[in-house]
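The values are calculated or read from the model by the stated rules, or taken from the named source; none is laboratory data. What you are looking at is a predicted structure, and each value in this text was computed from that prediction instead of being measured. For neighbour counting, all protein chains shown are included, and Cβ atoms are generated from backbone atoms with ideal geometry for every residue, glycine included. Each accessible area value is taken on the protein alone, full model and side chains, heavy atoms only, with ligands, DNA and RNA left out. Shrake-Rupley method; radii C 1.70, N 1.55, O 1.52, S 1.80 Å.
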Amino acid sequence: MNKKQKPADNTYMPDEATFKSRLQSRHLWGNVWRTFFILSIVVAILALIVLFTNVINSAFGTIATTFEIEPETLAGEGRTLSDLTEEELVAILVEREPNRLPVVVRNNFNNVPDEEFTESTLAQVAPNGSYPDGFENATINEIRDGENTAEVLGEFLQLNLPKGNIINIVEEDIVALQVLDAWSLWDAITNFEPTAAEQERLDELPVEIEALETQLADVETQIADKEADIQTLRDESATDNADAIRSTNAEISELQEQSSDLLSQIDDLNDELTLLISSNITTSVERDFGDAENPVEIVRYHSWLSTEFLQTPMSSVPAQAGIRTALYGSIIMMVIVILVSLPVGVAAAIYLEEYARDNVLSRFPLVNINKIIETNVRNLAGVPSIIYGMLGLAIFVRMLAPFTSGVVFGINVNPPPTNRIVNLMEELTNLELDLELDENYNITAYTGPEWLSEDDAQRVVTLFRRYGTPSVTNRGNVPLERIESDIANILGIRIRNQVPANADELDYSRVASGFVELSTLPAGMTIEQFESLGQQLRRVSGFTLSGRTVLSAALTLSLLILPVIIINAQEALRAVPNALREASYGLGATKWQTIWKTILPAAVPGIMTGTILAVSRAVGETAPLIVVGASTFLLTDPNGPFSQFTALPIQVYQWTARPQGQFQFIAAAAIIVLLTMVLVLNAVAIIIRSRFDNRY
Amino acid sequence: MVYTPEFRQDADYALTLEDVNVYYGDYHAVKDVTIPIERGKITAFIGPSGCGKSTVVKTINRMNDLVDSARVTGKIMYRGNNLYGDGVDPVEVRRRIGMVFQKPNPFPKSIFENVAYGPRLLGVKDKDILHEIVERSLRGAALWDEVKNDLNKSGLALSGGQQQRLCIARTIAVEPDVILMDEPASALDPIATQRIEQLMREELAGYTIVIVTHNMQQAQRASDYTCFFNIRKEDREGKEIRWGELVEMSPTEKLFSEPASEETHDYISGRFG
C-alpha cells in the first residue's frame with residue numbers, strides 16, 4: 001500500500017487556518033439544514049392553519065331565516081320547541097297537520113317497502129316497538145279508515161320516536177323553518193353591514209342614477225323634438241331646407257352620443273349599486289327577500305355545529321339535518337373495530353414476535369417463511385383502503401351474509417304476514433290451491449295441484465317465511481338463481497348449468513339458458529309455474545340476506561387496520577428489553593408466564609397507542625364504507641351490529657357532494673365533529689404513552 | 001493443556017460440569033469444560049473477555065436455550081440427573097438454579113411484586129405468605145431496612161446497587177439450590193460492590209454460588225474456589241479460530257498464591273487480560 005508521506009510537522013490534522021475556515025463552512029452547512037427543517041415545519045403548520053380556518057369559516061356564519069309559524073307561537077311565551085314534552089309536540093302535530101301523519105310515519109320507519117306501507121300493520125312498521133292500545137295489528141289503511149286517525153298515529157309516533165326526531169318533524173312540517181340563504185364566518189365578520197362610506201354611497205347612488213335618468217329622459221325628449229322638426233322641414237320642402245335638415249341631424253347625433261354616454265354612466269352606477277348590495281349581507285337580504293310573505297330574520301352569528309346538530313338525524317333540509325345516526329354508526333363501528341382488531345392483532349404480533357422463531361416454518365432451508373409473512377403483513381398495511389372495501393364486500397357483505405346480516409342469530413328476520421304468503425302461493429300457481437296457515441306458518445288445510453304435495457307446500461311456505469324480511473333499501477339481494485335452486489331442491493327438480501341438447505326446441509329463456517331441465521319438472525307443473533314461483537318468491541324476498549350492516553363495515557375496517565396494529569404491537573413487544581425476558585425466565589417462568597406477566601404489561605402502552613392511532617384512522621375512512629354499502633340517508637339509529645348504518649365520513653362525503661351551498665356548511669360542522677373524535681382518540685394515545693413512559 | 005480436576009470422594013458436589021462444550025451455530029465457543037461445584041461454597045469464574053466464562057454459567061441453568069443457535073454437549077450433573085438429558089424441563093432447572101444478571105434488571109413493578117414474582121409463578125397466592133416471603137427475601141438480600149416502608153414503590157426507583165440486591169432478593173425468594181451470578185457488580189460503584197460481596201459472605205452464606213467476575217480482587221475476597229478460563233487461538237486455513245477453555249481450578253487461596261499454570265500466573269499478575 002502506498003502510504004502518504006507524513007508531513008513535516010508530524011500530523012495529519014489540518015493546520016490552524018485551514019481548520020478555522022473549514023469550521024465556518026461546517027457550521028454554515030448545519031445552519032442551511034436547520035433552515036430547511038424550520039421551513040418544513042412552517043409549511044406543515046401553514047397547511048394545518050389553512051385547513052382549520054377553512055373548516056371553521058364554513059361551520060359558523062350568518063343565516064337568513066323565515067318560517068310559516070313562529071316556534072314561539074307553538075311553544076308558548078319564552079319557550080323553545082325543545083322545552084316541550086313529547087306529548088305536547090305530538091299534540092301540535094295532531095292539531096295542525098292531521099292528514100300528513102301517515103306520510104310522517106312512512107318517512108320515519110323504513111322497515112317495510114313504500115308500496116306495501118298501507119297494507120302493513122303497525123307491528124310490521126316498527127317491529128319490537130310499542131303500540132297504541134289495540135292497534136298493534138291494525139294496518140295503516142284500517143287506521144286511516146277509522147276514527148281518530150291522527151291521534152292513533154300521533155301516539156304511535158310518540159311511543160316509537162326519540163324526541164329529537166319529533167322536534168325535527170314539527171320544525172319541518174309545521175314551523176317550516178327555512179334558511180333562505182347562508183354566509184360563511186368571514187362574510188359575517190367583514191361584510192355584514194355596509195360601512196359608513198358604503199352606506200353613504202348606497203344612499204347617493206340611487207339619487208345620482210335618478211338624476212342621470214332625468215337627464216337621459218331630457219335628452220331623449222330633445223332628440224324626439226328634433227326628429228319631429230326634421231319631419232316638418234321635410235314635409236315643407238326637402239330641397240329648400242336641406243341645410244337646416246343637415247344641421248338638425250348633426251344636433252341629433254350629438255344628442256344621441258350624449259344619451260349613450262348617459263346610459264353607460266347609468267349602467268356603471270347600477271353595477272356599482274348591485275355589487276355594493278350583494279357584497280353586504282343585510283342589504284342583499286333586503287333586496288332578495290324584502291318583499292317575502294313571512295318575516296325574514298337575519299341571525300348574525302349562527303353555528304351550524306350545535307347540540308341539536310348532534311342530536312337530530314339526517315334531513316334533506318340542511319338547516320334541520322343532524323348527524324346523530326352517523327355519530328352512533330361511527331361509535332358502534334369503533335367499538336366493534338377495537339373488539340375485533342385488538343385481540344387478533346396483538347395475538348398475531350405475539351406469535352410473530354415470541355413464537356415464530358422456533359416453529360416449523362422457520363426450519364425450511366433457504367427461505368425464512370416467517371420473514372416472508374412479516375414482510376407481507378407490512379405490505380398489507382400499505383394496500384389502498386378501497387381494496388379492503390372490495391374485500392369486505394366480497395367476504396362479509398356477500399359470502400358471510402347469513403352471519404353479518406344477523407339472520408343466523410335470528411335477528412332481522414321479519415316474516416311476511418301469513419295472509420300475504422297464502423295470496424302469493426295462490427297467485428303463483430294459477431291453480432286451484434286451497435291453503436290455510438295458522439300464525440306459526442303451519443298449513444292447517446290444504447288442497448293443491450298434483451306436483452305440489454302438502455309437505456312441499458309447507459316447505460315453500462317456510463322458504464317464503466325465511467326470505468321475507470321486507471326492508472326498503474335492501475331489496476333484491478338474494479339472487480333469483482338461489483331462490484330457484486331452493487325451490488328446485490324442495491320439488492326435486494334438477495337444475496344444471498349446461499345448455500340442454502334440445503335447447504332450440506324450448507321457448508323459455510331460463511330453460512334455454514340451460515338452467516332447468518324441463519323433463520325433470522314434476523308432473524303437471526309447467527315451466528311457467530316454476531318460473532313464476534321463483535319470481536314471486538323474489539318479490540317478497542331479498543331482504544334477509546343483506547350483509548350491508550354495521551358489522552360488515554366494522555369487520556372490513558378491522559381488516560384494514562389489522563396490519564397496522566400487528567406492526568405497532570410487534571414494535572412494542574420488540575421494545576421490551578431482553579433483560580426482562582431473561583429475568584423472568586431466570587426465575588423459572590414458562591414462556592407463557594413470561595409473555596403474560598412481564599412482556600405484555602411492559603408493552604401495553606405501545607400497543608395501546610398504536611391501536612388507538614390505527615382506530616382513529618379507521619374512524620375517518622370513507623372509501624371502504626362506500627363500497628360495503630353505508631346508507632347515505634338514514635333516519636333510524638343503528639341499534640346493534642346488524643343494523644343498516646351510516647358514518648360520519650360518509651355524511652361529510654355526501655354533503656360536500658351536494659350542489660346546495662348550505663350543505664357545505666353542515667359538512668364543515670360534521671368535519672369538526674369527526675376531527676374532534678380523532679383528536680380525542682389521539683389525545684388518549686398521548687396520555688397513555690406519557691403516563692406509562694419510563695417504565696423500563 | 002486442558003485441566004482435569006479431581007473429584008474427591010469426601011466432597012459434596014451441588015453440581016458437576018463434565019466435558020461441557022458450547023456451540024453457537026458452527027462456532028465452537030467453549031471446549032471441554034469440567035468443573036465440580038461444591039455445595040455451600042462460592043466458586044468464582046475469572047478470565048479475560050471472550051473466554052467463555054459467562055457462556056458456561058448460562059449453560060448451568062439452561063439460559064443458553066434462549067439463544068436460537070446455541071447447542072451444548074457434555075453433561076451437567078445435578079442431583080444425579082443430567083440437566084441436558086432427555087425430558088428435563090428448563091423451567092424446572094431455572095427454578096432450582098437461580099440467576100443474577102450483569103445489569104440490574106428489576107421488573108417495572110413494585111418492589112413487593114418484584115420479589116413476589118417467582119413465588120407467584122409457582123402458585124403461591126396467599127397474601128400473608130407472600131408478605132412473609134418478601135420480607136425474608138429482602139432481609140436475605142440486606143435490603144429490607146432500606147425499603148420496608150415503601151414496598152409499593154417501583155423497583156426501578158431504587159439506586160443501581162439496591163436494584164441489584166432486589167434482583168438477588170427476587171432470586172432467593174423461590175429458594176433455589178444454586179445461585180449463578182454473572183458479573184453482578186460490574187455495573188456498580190465500589191461501595192455498592194462491597195455491599196454485594198459482603199452479602200455473599202454473610203446473608204447468603206450456605207448457598208452454593210457460582211460467580212463470574214472480571215475483578216480478580218473480588219474473586220480473591222469472596223470465593224472459595226476459583227476457575228481460570230482463557231482464550232485459545234488457532235490458525236485454520238488462514239482464519240483465526242478462537243475458543244474458550246478452562247485452564248485451572250483451585251481453591252482461591254492456592255490459585256492466587258501458587259498457580260499451577262504459567263498462564264494463570266501471567267493473568268493474575270496482570271501481564272494480560
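Looking at A:Thr549, A:Thr590, A:Thr556, which is the one that is open to solvent by 30 Å² or more (accessible area, probe 1.4 Å) and either away from chain B (no Cβ under 14 Å) or touching a Leu at 6+ places or on another chain (Cβ under 9 Å) (or both)?
A:Thr590
For the range A:61-128, which fully contained helices (runs of 4 or more DSSP H) count at least 2 residues that are more than 27 Å from A:Phe309 (Cα to Cα) and free of Cβ contacts under 8 Å to residues at least 60 places away in the same chain?
Those helices (runs of 4 or more DSSP H) span A:122-125.
Here is a yes/no grid of residues against (1) open to solvent by less than 60 Å² (accessible area, probe 1.4 Å); (2) within 32 Å of the chain's Cα centre (by Cα); (3) acidic (Asp, Glu); (4) at pLDDT below 80:
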| residue | (1), (2), (3), (4) |
| --- | --- |
| A:Leu51 | no, yes, no, no |
| A:Ser58 | yes, yes, no, no |
| A:Glu72 | no, no, yes, yes |
| A:Gly78 | no, no, no, yes |
| A:Leu84 | yes, yes, no, no |
| A:Glu87 | no, yes, yes, no |
| A:Ile92 | yes, yes, no, no |
| A:Val104 | yes, yes, no, no |
| A:Asn110 | yes, yes, no, yes |
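Could you check how many residues of the range A:205-237 are open to solvent by less than 70 Å² (accessible area, probe 1.4 Å) and charged (D, E, K, R)?
2
Do any residues in the range B:219-231 that are in contact (Cβ under 8 Å) with a residue 12 or more places away in the chain and more than 19 Å from B:Asp32 (Cβ to Cβ) have Cβ atoms under 6 Å from those of residues that are part of a loop (DSSP other than H, G, I, E, B) and open to solvent by 10 Å² or more (accessible area, probe 1.4 Å), where the two are at least six apart or on different chains, and which pairs are they?
Pairs found: B:Asp224/B:Lys41.
What is the one condition in (1) in contact (Cβ under 8 Å) with a residue 24 or more places away in the chain; (2) under 20 Å from A:Pro563 (Cβ atoms); (3) away from every other protein chain (no Cβ under 14 Å) that A:Glu354 does not satisfy?
A:Glu354 satisfies all of (1) in contact (Cβ under 8 Å) with a residue 24 or more places away in the chain; (2) under 20 Å from A:Pro563 (Cβ atoms); (3) away from every other protein chain (no Cβ under 14 Å) except (3).
Please go through the range A:574-595 and pick out each residue that is without any contact (Cβ under 8 Å) to a residue 12 or more places away in the chain and not in a helix (DSSP H, G or I).
A:Leu587, A:Gly588, A:Ala589, A:Thr590
Starting from residues that are outside any helix (DSSP H, G or I) and small (Gly, Ala, Ser), keep the ones in the range B:94-119 and report whichever is nearest to the other protein chains (Cβ to nearest Cβ).
So the residue we want is B:Gly98.
Which of the residues that make up the range A:616-646 are open to solvent by less than 40 Å² (accessible area, probe 1.4 Å) and more than 21 Å from A:Phe403 (Cβ to Cβ)?
Across the range A:616-646, the qualifying residues are A:Ser616, A:Val619, A:Gly620, A:Glu621, A:Thr622, A:Ala623, A:Leu634, A:Leu635, A:Thr646.
Would you say B:Lys58 is surrounded by fewer than 18 Cβ atoms within 10 Å (Cβ to Cβ) and of a type in the set (Lys, Arg)?
Answer is no for this residue.
For A:Ala197, are the conditions met, namely being aliphatic (A, V, I, L, M) and buried (at least 17 other Cβ atoms within 10 Å of the Cβ)?
So A:Ala197 does not fit the description; no.
Assuming B:Thr73 fulfils every condition listed in (1) more than 9 Å from chain A (Cβ to nearest Cβ); (2) farther than 22 Å from B:Ile211 by Cβ; (3) in a helix (DSSP H, G or I) apart from one, which condition is it?
The number of the failed condition is (3).
Quick check on B:Gly140: is it open to solvent by less than 20 Å² (accessible area, probe 1.4 Å), within 10 Å of another protein chain (Cβ to nearest Cβ) and in contact with a helix residue (DSSP H, G or I) (Cβ under 9 Å, 6 or more places away or on another chain)?
Against the criterion (open to solvent by less than 20 Å² (accessible area, probe 1.4 Å), within 10 Å of another protein chain (Cβ to nearest Cβ) and in contact with a helix residue (DSSP H, G or I) (Cβ under 9 Å, 6 or more places away or on another chain)), B:Gly140 does not qualify.
I need the full set of residues from the range A:43-60 which are touching a Ser or Thr at 6+ places or on another chain (Cβ under 9 Å), assigned to a helix (DSSP H, G or I) and not hydroxyl-bearing (Ser, Thr, Tyr), in order please.
Matches in the range A:43-60: A:Asn57, A:Ala59.
So is A:Arg574 surrounded by fewer than 21 Cβ atoms within 10 Å (Cβ to Cβ) and more than 14 Å from chain B (Cβ to nearest Cβ) or not?
yes
Considering each residue of the range A:577-587, count those that are surrounded by fewer than 21 Cβ atoms within 10 Å (Cβ to Cβ) and more than 7 Å from chain B (Cβ to nearest Cβ), and give that number.
3
What's the number of the only condition in (1) within 14 Å of chain B (Cβ to nearest Cβ); (2) out of contact with any Lys or Arg (no Cβ under 9 Å at 6 or more places or on another chain); (3) crowded, with 21+ Cβ neighbours inside 10 Å; (4) of a type outside the set (Val, Ile, Thr) that A:Arg691 fails to meet?
Status for A:Arg691: all satisfied but (3).
Name the one entry in B:Val91, B:Val56 that is part of a helix (DSSP H, G or I), within 14 Å of another protein chain (Cβ to nearest Cβ) and among the aliphatic types (A, V, I, L, M).
B:Val91
Sort out which residues of the range B:232-258 are more than 16 Å from B:Cys51 (Cα to Cα) and without any contact (Cβ under 8 Å) to a residue 12 or more places away in the chain, and write them in order of number.
Listed by number, the residues that qualify are B:Asp235, B:Arg236, B:Glu237, B:Gly238, B:Lys239, B:Glu253, B:Lys254, B:Ser257, B:Glu258.
From the list B:Ala157, B:Ala219, B:Ala173, B:Ala192, exactly one residue is open to solvent by 60 Å² or more (accessible area, probe 1.4 Å) and among the hydrophobic types (A, V, I, L, M, F, W, C). Which is it?
B:Ala157
Does the range A:204-215 contain any residue that is out of contact with any Cys (no Cβ under 6 Å at 6 or more places or on another chain), within 30 Å of A:Ile63 (Cα to Cα) and not aliphatic (A, V, I, L, M)?
Yes, because at least one residue in the range A:204-215 is out of contact with any Cys (no Cβ under 6 Å at 6 or more places or on another chain), within 30 Å of A:Ile63 (Cα to Cα) and not aliphatic (A, V, I, L, M).
Checking the structure you have, find out if any residue of the range B:28-47 is more than 29 Å from B:Leu151 (Cβ to Cβ), more than 14 Å from chain A (Cβ to nearest Cβ), part of a loop (DSSP other than H, G, I, E, B) and open to solvent by 50 Å² or more (accessible area, probe 1.4 Å).
yes
For the range A:672-684, indicate whether the set of residues that are open to solvent by less than 10 Å² (accessible area, probe 1.4 Å) and either part of a helix (DSSP H, G or I) or under 16 Å from A:Thr312 (Cβ atoms) (or both) is non-empty.
The answer is no, given that none of the residues of the range A:672-684 is open to solvent by less than 10 Å² (accessible area, probe 1.4 Å) and either part of a helix (DSSP H, G or I) or under 16 Å from A:Thr312 (Cβ atoms) (or both).
Which is touching an Asp or Glu at 6+ places or on another chain (Cβ under 7 Å) and either within 11 Å of another protein chain (Cβ to nearest Cβ) or within 30 Å of A:Val125 (Cα to Cα) (or both), of A:Pro649, A:Pro601, A:Pro605, A:Pro638?
Residue meeting the stated conditions: A:Pro649.
Just checking, does the range B:222-234 include any residue being outside any strand (DSSP E or B) and open to solvent by 80 Å² or more (accessible area, probe 1.4 Å)?
Scanning the range B:222-234, I find no residue that is outside any strand (DSSP E or B) and open to solvent by 80 Å² or more (accessible area, probe 1.4 Å), so the answer is no.
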